[in-house]
Structures are given as C-alpha cells and as structure tokens.
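Colleague: Here's a structure for you.
The values are calculated or read from the model by the stated rules, or taken from the named source; none is laboratory data. In this text the structure is predicted, and so the values were computed from the model without any measurement. Cβ placement follows ideal geometry from the backbone for every residue including glycine, while neighbour counts extend to all protein chains displayed. Accessible surface is based on the protein model in full, side chains and every heavy atom, while ligands, DNA and RNA are left aside. Shrake-Rupley method; radii C 1.70, N 1.55, O 1.52, S 1.80 Å.
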Amino acid sequence: MSIRVNRMSGSTGAEVVGADLVRADTATLDALRAAFLEHHVLAIRGQDLSPHQLLSFAAEFGEVFVHPYVPSLTGHPGVMEIYQMVPLTETWHADVTFSAAPPRTTVLHARELPPAGGDTMFANQHLAYERLSPGLRRVLDGLTAVHQGTSLAADAGLTESTVTATHPVVVAHPETGRPALYVNADYTRRFADMTDEESAPLLAYLYEAATRHEFAYRHRWLPGDVVMWDNRSVQHRGVNDYGSARRYLHRVTLEGSAPRPFSAAHTARSTDAADTNTADTTGGTDTAGTTVGARG
C-alpha cells in the first residue's frame, strides 16, 4: 500500500490518506513513525477499527497504558470510552502528567460524531518554548513543577501521593532531543519549592503562551478518523460546541518514560535556533504532500 501525508497547519498536524491500519505492513508503520515525529499529530483517515483492532494498532507503537482511575471499556483493558465533554477535557492539557511516567502517545478513534462541532485542538509545545525570550528560557530550564491528579483519583480510592509527580518545566523529547514546555492547566499545581500563590502568575503566563493560535492546529473530525498525538510534544483540548448531539470515541494511550530535563548545555544552541530559524515550525524535514510507497 502507499500513504500520502499532507500537512494540515503551519505549526503541527498532518493527515494521512491511503492507510489501512488493520493490514499495515512494516514499511507503512515505519512511515507513520517518521511522520509522527515530524508533525506530532497524525489524522489517519477512513478507518473502521474494533476495540481489539485499535489496541493491536496502538501496540505497534508501544506498550498500552491503563489509566490508574478511569475505567476501561469492558473486556478491553486500555480502551477508554470518550462520550462527554467536561471542564477537564475542555482545558488545554497533556494526558496524565501526574504520573511519574506519563503516556507517550494518545490514539483516539471516532465512532460516532455530531453533525457539526466537537473539534479537538492541539498546540505545539516545542514552538511554545522556543518562542519565549532567551531570559525566560534560562529561568525555566532550572525549574521543576508539581503535577497532581483530580478528585476522581480520591473517588477511586487512590492516595494523593499516588497521583502526584514532579517534572521538569522544560523537557527534552526522548527521541529527537528537542526542548518542549511541560506545564498544563489541568494538572500542574505549582513550581517545586514554591507556594501556590508564588507560582500562579508565571504559570498563568505560561499556560497562555503555550496555546497561542500560531502554535495550534484545530482538527475537524471525519467519520473513521484515527488521530494520534505525541503527548510529549503537544497539548490538546476538546471544543464543546455541539449541544446535545452524540460524540463517542475510543481512546488508547501508550506507556511513556519519566520526563527528563532539557540540559543546560543545549540551551544556547536552542536559543540560536529559535532566533535565527523562525521558519522551522515542525522540527523536521517537510513531508507535506509526499507519497510513501510500501509493498504488501
């Protein structure tokens, strides 16, 4: 089979046309991995996957992560049902950052969609960091922040310490080494060794800086879409504008590793790149409009 990768915005996101995820061969999977690292968000069109098939596809990219307190679809551990918007999902965030090793990838498959609305938005956190001033980047490179789960964890019988983790404010992507801002309004509570009150002004600034329009891609769902995104590179949020219509999706996340800080040794190089190469929006070779062939 052959697939076509089309860039969907100037900052992040690409659509993949021509893939059959049930029968994807090694060359197709390799092409998807390369496009994923470049564009951070992939919308793979025209799929009809059972929960088992969705799990099988996701497992090609890593070990399936089971959420610590949100239940799975009966009989399919690791498949979460997404059927309503709540304030948590309407707020910009990365998934499960309160874990010591947050998920690396999220895969979402559209099962039923409203006639209009219900989009999902994504914001590129590499760009969010690189477009900050050099002085602020130097401050952030030395900070860590406390991330904490929601009240749902307590309802499920988990202690606060179980769903609390401290992560660098600027992380290095484990595969590309590229720095990314790593705080979000759902789970980041404060900077380590600071009070909530002391942390609030700078965190509020960073939440806004992280989700500027020029860093964002708005995905308008089509029936059968499988959207996968890099939880280490982007934040996301749902748009609750579809009234009482039904919006039902299946979600799988993949095991990640403990976020590692972006080394101070790389800061100068990052600063130079951000100041002199503003045309770089996705962090890789442009594959927009390319066709990848695979035998099988």
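Colleague: Of the chain, which part is the longest with no trypsin sites (Lys or Arg not before Pro) in a loop (DSSP not H, G, I, E, B) and with at most 10 other C-beta atoms within 10 angstrom?
Modeller: That would be 24-294.
Colleague: Can you run phi through the Karplus equation (6.51, -1.76, 1.60; θ = phi - 60°) for region 179-196 and list ³J(HN,Hα) in whole Hz, with x for Gly and Pro?
Modeller: x, 9, 5, 9, 9, 8, 6, 6, 10, 7, 9, 6, 6, 4, 6, 10, 7, 4
Colleague: Subtract the Cα-Cα distance of GLU198 and MET85 from 0.36 nm times their separation in residues, and report this length gain in nm to one decimal.
Modeller: 37.6 nm
Colleague: Can you tell me which of GLY177, GLY118, GLY135 moves the most in a GNM of the chain? Springs connect C-alpha atoms under 10 Å apart.
Modeller: GLY135
Colleague: Please name whichever of VAL139, ALA209, GLY238 sits farthest to the positive end of the charge dipole of the chain, dipole taken about the Cα centre and charges placed at Cβ: Lys and Arg +1, Asp and Glu -1.
Modeller: Value computed over the given set: GLY238.
Colleague: Give, rounded to the nearest 20 debye, the magnitude of the charge dipole that region 1-128 has about its Cα centre when Lys and Arg contribute +1 at Cβ and Asp and Glu contribute -1 at Cβ.
Modeller: The calculated dipole for region 1-128 is roughly 160 debye.
Colleague: So, one more: Whole number in Å², please: accessible area per residue of the chain, 1.4 Å probe, ligands, DNA and RNA not counted.
Modeller: Here the residues of the chain average 44 Å² of exposed surface.
Colleague: Which longest uninterrupted range of the chain lacks any chymotrypsin sites (Phe, Trp or Tyr not before Pro) assigned by DSSP to a loop state (not H, G, I, E or B) and surrounded by at most 16 other Cβ atoms within 10 Å?
Modeller: 84-296
Colleague: So for the chain, averaging the separation of alpha carbon pairs under 8 Å that are six or more residues apart and normalising by length, what relative contact order in percent results?
Modeller: Relative contact order of the chain: 37 percent.
Colleague: Can you give me the Cα centroid spacing of region 159-174 and region 47-75 in angstrom?
Modeller: Between the Cα centre of region 159-174 and that of region 47-75, the gap is 23 Å.
Colleague: What's the magnitude of the charge dipole for the chain around its Cα centre, counting Lys and Arg as +1 and Asp and Glu as -1 at the beta-carbon? Answer in Debye, nearest 20.
Modeller: Once rounded to the nearest 20, the dipole reads 420 debye.
Colleague: In terms of the Cα gyration tensor, with a ≥ b ≥ c the square roots of its eigenvalues, is region 1-92 rounded because a/c is under 1.5, prolate because a/b exceeds b/c, or oblate?
Modeller: It comes out oblate by the Cα gyration axes.
Colleague: Which of the three applies to region 1-159, rounded, prolate or oblate, going by the alpha-carbon gyration tensor with a ≥ b ≥ c and a/c under 1.5 meaning rounded?
Modeller: Oblate shape, in that a/c is at least 1.5 and b/c is the bigger or equal ratio.
Colleague: Let me know the charge dipole size of region 12-77 about its Cα centre in debye, to the nearest 20, where only the beta-carbon of Lys, Arg (+1) and Asp, Glu (-1) is charged.
Modeller: Dipole about the Cα centre, nearest 20: 120 debye.
Colleague: Please build a GNM for the chain, connecting alpha carbons under 10 Å apart, and tell me which residue among GLN47, GLN84, GLN125 fluctuates the most.
Modeller: Highest fluctuation among the options: GLN84.
Colleague: If you don't mind, there's one more thing I want to ask. Pairs of alpha-carbon atoms within less than 8 angstrom and 6+ residues apart define the contacts here; what relative contact order does region 87-220 have, in percent?
Modeller: 36 percent
Colleague: OK, next. Based on the alpha-carbon set only, what is the convex hull volume of the chain divided per residue, in Å³?
Modeller: Dividing the Cα hull volume of the chain by its residues yields 129 Å³.
Colleague: Can you work out ³J(HN,Hα) from phi for every residue in region 36-52, in order, using Karplus 6.51 cos²θ - 1.76 cosθ + 1.60 and θ = phi - 60°, giving whole Hz and x for Gly and Pro?
Modeller: For region 36-52, the Karplus curve yields 5, 5, 7, 9, 6, 9, 10, 10, 9, 7, x, 10, 9, 10, 6, x, 5 Hz.
Colleague: If you don't mind, another one. In deg cm²/dmol, rounded to 500, what helix-only [θ] at 222 nm does the chain give when every DSSP H run of at least 4 residues adds -39500 (n - 2.57) and the total is split over its residues?
Modeller: -6500 deg cm²/dmol
Colleague: Projecting each Cα onto the charge dipole of the chain (Lys/Arg +1, Asp/Glu -1 at the beta carbon, about the Cα centre), which of PHE191, SER2, PRO261 comes out farthest on the positive side?
Modeller: Value: SER2.
Colleague: Would you mind classifying region 79-195 by shape? Square roots of the alpha carbon gyration tensor eigenvalues, ordered a ≥ b ≥ c; an a/c under 1.5 is rounded, otherwise it is prolate if a/b is larger than b/c and oblate if not.
Modeller: oblate
Colleague: I've got another one for you. In percent, what relative contact order does region 118-173 have, based on Cα pairs under 8 Å that are 6 or more apart in sequence?
Modeller: Relative contact order here is 36 percent.
Colleague: While we're looking at this one, here's another question. Would you please name the GluC sites (Glu not before Pro) within region 153-239 that are DSSP coil residues with at most 16 other C-beta atoms within 10 Å of their C-beta?
Modeller: Loop-located and lightly packed - GLU175.
Colleague: Would you mind checking which residues have amide H under 5 Å from ILE44's amide H? H placed 1.01 Å from N; only 5 or more apart, or other chain.
Modeller: The answer is VAL16, VAL226, VAL227, MET228.
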